[in-house]
Amino acid sequence: MINIFTHFGSQLVVGLGWTLLCSLITLVFSSIIGTVLALLQMLPSKLVHLLCRIYIEVFRNIPLLVIVMFLYLIIPLYFFKINGFTAGTIGLTLYTSAFIAEIIRSGIQSVEAGQLEGARSTGMTYWQAMRYVVLPQAFKIVIPSLGNQFVNLIKDSSILAFVAGFDLLYQANAIASKTFDTINSYLVVGILYLLLTMPLSYYMHYLEKKLS
Amino acid sequence: MSMIEFRNVQKFYGKFHALHDINLKIDRGETVVLIGPSGSGKSTLIRTINQLESIEGGQLIVNNRDLSDPKTDTNLLRRDVGMVFQHFNLYANKNVLENIMLAPRIVSRMPEAENKQRALELLKMVGLADKAENMPCQLSGGQKQRVAIARSLAMRPKLLLFDEPTSALDPEMIDEVLQVIKKVTTDSDMTSLIVTHEMGFAKEVANRVIFMDQGHIIEDDASRDFFQQPQTERAQQFLSKIIAH
């Protein structure tokens, strides 16, 4: 195992870099898209609500691999060239944002209606009341589920390996086929994934404790 | 010049007719108590005044704004109308001081120093100056409601609405809240409308009593007349039941 670290160190660092980059982009954009989708569903418009539900149900109920393959293989046929990393990251963002939208929606709905009424009764607009009163409470409620989803998205970024995205799993495949040392190749990347996910898990636990 | 004017106002929840043809005029400076059995439409009526409930017919004018006109800005209206709720509705994510300071800060952009000073004065007025830094969950029900009253005053409203302010309180905390409401409503030239089941309190603070039943206003009397001699049989029944307890 030490051999793999020493011989393929730079390759693993590259893999770690791409995995980290994909995860960060996905975390930021799926959080934004998910929150927006959750908020849009609170609007009175039935059409907006329907469009949000279609987005969420479609991306939540198709395997991630299918979404990514679609982007990677079909888009270049009809539209423009797209590399594996981009296709994988966009696919993962679309997929994860559907789950985050559901998590945040459930959080908003579990904040008592009186909180919004209390805020609105003082002359705040709907969005002010959401921003200062409802959403902070909703986020607090959903931190554990959100943490889960963030850990999932890091693990799911391994989808990049299937579309030449140069991430950790991709490097493990390459190292394994070069050295035939499959056990150690995958052990090493397993450990590297743990290094990414464990601190995040602990941080979310810490946040949960701090805010309660 | 009246503060609130209902003209043939109707309200439905689906097929349920919650407010029947309400006609009511409340002048500036009046303290009006709204009583009646549960389900009679008291809370619905009070909630239409700051548009927490919409109306389906008739005309409703509050502080010179016509609420039946869709162009009326609800948020502007609400700056002048404070509300105190049965379940307090204090912001659970903000401490006591922030609960009071939030609306003046983001709605009327009051300078921070002035806002804080005003909030502390209000807290002192409700007798909770020492709780400024506490979170709402650390307060008793009576204290929460007193903070909520301070919050409702922070925007310097012209009209205060109290929606059963003591119904969710333990009996021994009712009095501290009623004392504060009394102070607020009699101190100033504030117009107030109070939904309550506290008859002794109603008798003491109100200059006018409105009795509702099944979505209708049944009686609208000067307070003294109502408690001495209610006109309708329905009101007599109601009073005798309440007082018998």
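Scanning region A:50-61 for residues that are free of Cβ contacts under 8 Å to residues at least 24 places away in the same chain and surrounded by 14 or more Cβ atoms within 10 Å (Cβ to Cβ) yields a count of 1.
The residues of region B:38-70 that are within 19 Å of B:F16 (Cα to Cα), more than 17 Å from the chain's Cα centre (by Cα) and open to solvent by less than 50 Å² (accessible area, probe 1.4 Å), listed by number, are B:I55, B:G57, B:G58. Annotation: of all residues in region B:211-245 being of a type in the set (D, E, K, R), touching a residue at least 12 places away in the same chain (Cβ under 8 Å) and within 13 Å of B:G36 (Cα to Cα), the one that is surrounded by the fewest Cβ atoms within 10 Å (Cβ to Cβ) is B:D220. Return a yes/no flag: does region A:138-154 have any residue that is open to solvent by 50 Å² or more (accessible area, probe 1.4 Å), of a type in the set (F, W, Y) and within 11 Å of chain B (Cβ to nearest Cβ). Looking for residues that are open to solvent by 50 Å² or more (accessible area, probe 1.4 Å), of a type in the set (F, W, Y) and within 11 Å of chain B (Cβ to nearest Cβ), one finds at least one in region A:138-154, hence yes. Annotation note: of B:R118, B:R79, the sole residue that is more than 9 Å from chain A (Cβ to nearest Cβ) and either surrounded by fewer than 20 Cβ atoms within 10 Å (Cβ to Cβ) or within 20 Å of the chain's Cα centre (by Cα) (or both) is B:R118.
Just to check your reading of the model, which residue among B:M110, B:M173 is outside any helix (DSSP H, G or I), aliphatic (A, V, I, L, M) and without any contact (Cβ under 8 Å) to a residue 60 or more places away in the chain?
That would be B:M110, the only listed residue that is outside any helix (DSSP H, G or I), aliphatic (A, V, I, L, M) and without any contact (Cβ under 8 Å) to a residue 60 or more places away in the chain.
Do the conditions hold for B:D73, that is, is it closer than 28 Å to B:S54 by Cα, open to solvent by 10 Å² or more (accessible area, probe 1.4 Å) and not hydrophobic (A, V, I, L, M, F, W, C)? Here the answer is yes, as B:D73 does meet what is asked. Restricting attention to region B:47-76 and to residues that are within 11 Å of another protein chain (Cβ to nearest Cβ) and touching a residue at least 60 places away in the same chain (Cβ under 8 Å), the residue that is farthest from B:K144 (Cα to Cα) turns out to be B:I49.
Tallying residues that are open to solvent by 10 Å² or more (accessible area, probe 1.4 Å) and over 9 Å from the mean Cα position of the chain (by Cα) within region A:90-107 yields 5.
The values are calculated or read from the model by the stated rules, or taken from the named source; none is laboratory data. Everything numeric in this text was worked out from a predicted model, so none of it was measured. So basically every Cβ, Gly included, is an ideal-geometry build from the backbone, and we count neighbours across all protein chains shown. Protein only, heavy atoms only, side chains kept; ligands, DNA and RNA dropped before computing areas. Shrake-Rupley method; radii C 1.70, N 1.55, O 1.52, S 1.80 Å.
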